[in-house]
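*Asks:* Can you keep this structure in mind? I'll have questions shortly.
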Amino acid sequence: MKMSQKNQGIMYIIMAAFFFACMSFFIRKAGDLPTMQKGFFRNVVAMFAAAIMLLRTEDKFKIKKGSIPSLLMRAICGTIGLICNYYAIDHMNISDANILNKLAPFFAIIMSALILNEYANRFEWSMVIVAFIGALFVVKPSLDIKCIPAVVAAIGGLGAGTAYTFVRKLGKQGERGPVIVMFFSTFSCIITLPFVIFDYHPMTLMQLIYLLIAGSCAAAGQFTVTQAYTKAPAKDISVFDYSQVLFAAILGFLFLDQIPDIYSILGYIIIIGAAIIKWKHRD
């Protein structure tokens with residue numbers, strides 16, 4: 001029996017969630033290396049994967065007229081989001097870092113109003129507020145320096161949400177997915193390369209392998225999530241992206257001895273609950 005487009009979309013987005021959770025795990029396993037160094041090696045893999053895909057197309061590296069400004073903004077915001085996310089992964093439970101990064105869809109609602117003039121209704125705005133309340137349970141705001149990684153993770157979610165908004169804008173303009181991935185990955189490599197050159201930390205063979213695996217998982221995640229949204233609209237499948245938090249929690253528990261505290265778990269429930277309610281309440 002042939003799988004429906006919607007079910008294919010769900011399958012792809014769960015695959016993407018698994019790949020991104022594995023990326024977080026292997027970034028953490030790479031150990032005590034600078035965030036910029038980890039970001040560089042992660043993006044090198046995605047850059048080459050996108051380049052190979054584009055070389056196999058008729059238009060090669062051709063960019064649509066008028067796409068450059070949005071590609072640049074997507075790359076800037078995405079790079080900020082990536083660096084913040086990697087810093088958070090290195091300094092807190094990977095499941096906590098992942099759930100705060102998953103504030104991105106709610107930030108996207110805010111940024112879509114500012115950038116695309118796509119305005120949410122009152123119910124959607126109320127879900128944004130609920131999600132941010134859930135984030136407070138994970139962040140646990142205080143004057144203590146320990147909350148800094150969580151704040152950085154939330155900023156990463158803002159960067160990712162803004163980047164998604166520009167991805168949507170580029171999609172509406174008809175820009176190809178591999179071009180968006182290639183531009184972002186190349187930009188991120190250019191930004192992080194000077195830090196790698198001037199603050200390079202020698203790596204063991206195992207650390208290099210972990211970073212290359214993380215980069216491969218990230219590339220697989222980017223392409224499968226793109227495939228997911230070509231199969232079905234976001235309103236039908238985006239909630240399944242939150243399975244990434246479950247995958248990250250399982251990996252953290254089994255291999256990193258990480259157990260989220262009761263406040264973080266409550267935050268997960270609130271944020272994921274807001275996403276599910278929003279999905280169920282879609283027009």
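*Asks:* Take peptides 32-38, 80-86 and line them up by average Cβ neighbours within 10 Å, highest first, as a rough protection proxy.
*Replies:* Details: 32-38: 19.1, 80-86: 24.6.
Highest mean packing first, the order is 80-86, 32-38.
*Asks:* Over the chain, what is the relative contact order in whole percent, taking alpha-carbon pairs under 8 Å and six or more residues apart? Could you put the intermediate results ahead of the total?
*Replies:* Working: 418 pairs, mean separation 121.6, N = 283.
So the answer I get is 43 percent.
*Asks:* Per residue, how big is the convex hull of region 119-270 when only Cα atoms are used? Give it in Å³.
*Replies:* 172 Å³
*Asks:* Could you run the Karplus curve 6.51 cos²θ - 1.76 cosθ + 1.60 with θ = phi - 60° over region 38-50 and give me ³J(HN,Hα) per residue in whole Hz, x for Gly and Pro?
*Replies:* Working through the residues one at a time gives 5, x, 4, 5, 4, 7, 4, 5, 5, 4, 5, 5, 5 Hz.
*Asks:* On to the next question. Hey, could you get me the Stokes-Einstein D for region 1-127, Kirkwood radius over alpha-carbon pairs, 4 °C and 1.567 mPa s, rounded to whole µm² s⁻¹?
*Replies:* Rounded, D is 74 µm²/s.
*Asks:* Would you kindly calculate the translational diffusion coefficient of the chain, applying Stokes-Einstein with the Kirkwood radius from alpha carbon pairs, for 20 °C and a viscosity of 1.002 mPa s, and quote it in µm² s⁻¹ without decimals?
*Replies:* It comes out at roughly 112 µm²/s.
*Asks:* If you don't mind, another one. Which whole-Hz ³J(HN,Hα) couplings does region 63-70 yield from phi under the Karplus relation 6.51 cos²θ - 1.76 cosθ + 1.60, θ = phi - 60°, glycine and proline marked x?
*Replies:* 10, 5, 4, x, 7, 3, x, 6
*Asks:* Probe 1.4 Å, all protein chains in place: accessible area of PHE195 in Å², nearest 10?
*Replies:* Result for PHE195: roughly 110 Å² accessible.
*Asks:* Specify the residue with the greatest mean-square fluctuation among VAL196, VAL45, VAL245, computed from a Gaussian network of the chain linking alpha-carbon atoms under 10 Å apart.
*Replies:* VAL196
*Asks:* A 24 angstrom limit on the alpha carbon distance is what I want to check against. Which of LYS65/LYS172; LYS102/LYS231; LYS64/LYS280; LYS6/LYS280; LYS60/LYS169; LYS102/LYS169 exceed it?
*Replies:* Checking Cα-Cα distances, LYS64/LYS280 exceed 24 Å.
*Asks:* Based on DSSP H runs of at least 4 residues, each adding -39500 (n - 2.57), what is the mean residue ellipticity at 222 nm of the chain after dividing by all its residues, to the nearest 500 deg cm²/dmol?
*Replies:* Dividing the helical sum by the residues of the chain leaves -26000 deg cm²/dmol.
*Asks:* Applying the Karplus parametrisation 6.51 cos²θ - 1.76 cosθ + 1.60 with θ = phi - 60° to the phi angles of region 121-138, what ³J(HN,Hα) value in whole Hz is obtained for each residue in order, glycine and proline being reported as x?
*Replies:* 8, 4, 5, 5, 5, 5, 5, 4, 4, 4, 4, 5, 5, x, 4, 4, 5, 7
*Asks:* Counting Lys +1, Arg +1, Asp -1, Glu -1, what net charge surrounds PHE48 among other residues with beta carbon under 14 Å of its beta carbon?
*Replies:* Net charge around PHE48: +2.
*Asks:* For the ranges 6-19, 197-210, what's the packing order if you count other beta-carbon atoms within 10 Å of each residue, average per peptide, and put the highest first?
*Replies:* Ranked by mean Cβ neighbours within 10 Å, highest first: 6-19, 197-210.
The values are calculated or read from the model by the stated rules, or taken from the named source; none is laboratory data. This is a predicted model, so every value here is computed, not measured. Cβ sites come from the backbone with ideal geometry, for glycine too, and all protein chains shown count toward neighbours. Quick note on the areas: whole protein, heavy atoms, side chains included, nothing else; ligands and nucleic acids left out. Shrake-Rupley method; radii C 1.70, N 1.55, O 1.52, S 1.80 Å.
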